[in-house]
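Notes follow once the structure below has been shown.
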Amino acid sequence: MIIKKLDYQSPKAKVWDASKKKILFTFVDGEYETEDEYIISFWAKLTNNSSVSTNDEHREEKPKKKRGRPAKEK
């Protein structure tokens, strides 16, 4: 499953579990991929399941459009 950061979190935010007294995971570019059921259930409880998605729902990034003027023809 892919866990996405909340709007107010930074893309490299660390998530702290107070019951275990340790960092559970750190986001990479605003996402964290895991199959650990404890982490998934912890995040779902914390966020009301709004930012947890399956790998099937993960979208591919579209190529960025190049900006600027087109090259001059000779």
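Coordinate-derived values only; no laboratory data. These numbers were taken from a predicted model, which means no experiment stands behind them. Please note: Cβ atoms are built from the backbone with ideal geometry, for glycine as well, and neighbour counts cover all protein chains shown.
If we count every other residue with Cβ under 15 angstrom of Lys5's Cβ, Lys/Arg +1 and Asp/Glu -1, where does the sum land?
Details: positive: Lys4, Lys12, Lys14; negative: Asp7, Asp29, Glu31, Glu33.
Computed value for this residue: -1.
Could I have the simple spin-label model distance between Ile40 and Gln9, label points 7 Å from Cα toward Cβ, reported in nm to one decimal?
1.7
Of Lys5/Lys65; Lys12/Lys65; Lys5/Lys45, which sit over 19 Å apart, Cα to Cα? Don't skip to the end; give the middle numbers.
On the way: Lys5/Lys65 26 Å; Lys12/Lys65 26 Å; Lys5/Lys45 14 Å.
Among Lys5/Lys65; Lys12/Lys65; Lys5/Lys45, the Cα-Cα distance tops 19 Å for Lys5/Lys65; Lys12/Lys65.
If r is the Cβ-Cβ distance from Lys72 to Asp29 and R0 is 22 Å, what FRET efficiency results, to the nearest 0.05? Write out the running numbers ahead of the final one.
Numbers: r = 37 Å, r/R0 = 1.66.
Step by step, r from the Cβ atoms, then E = 0.05.
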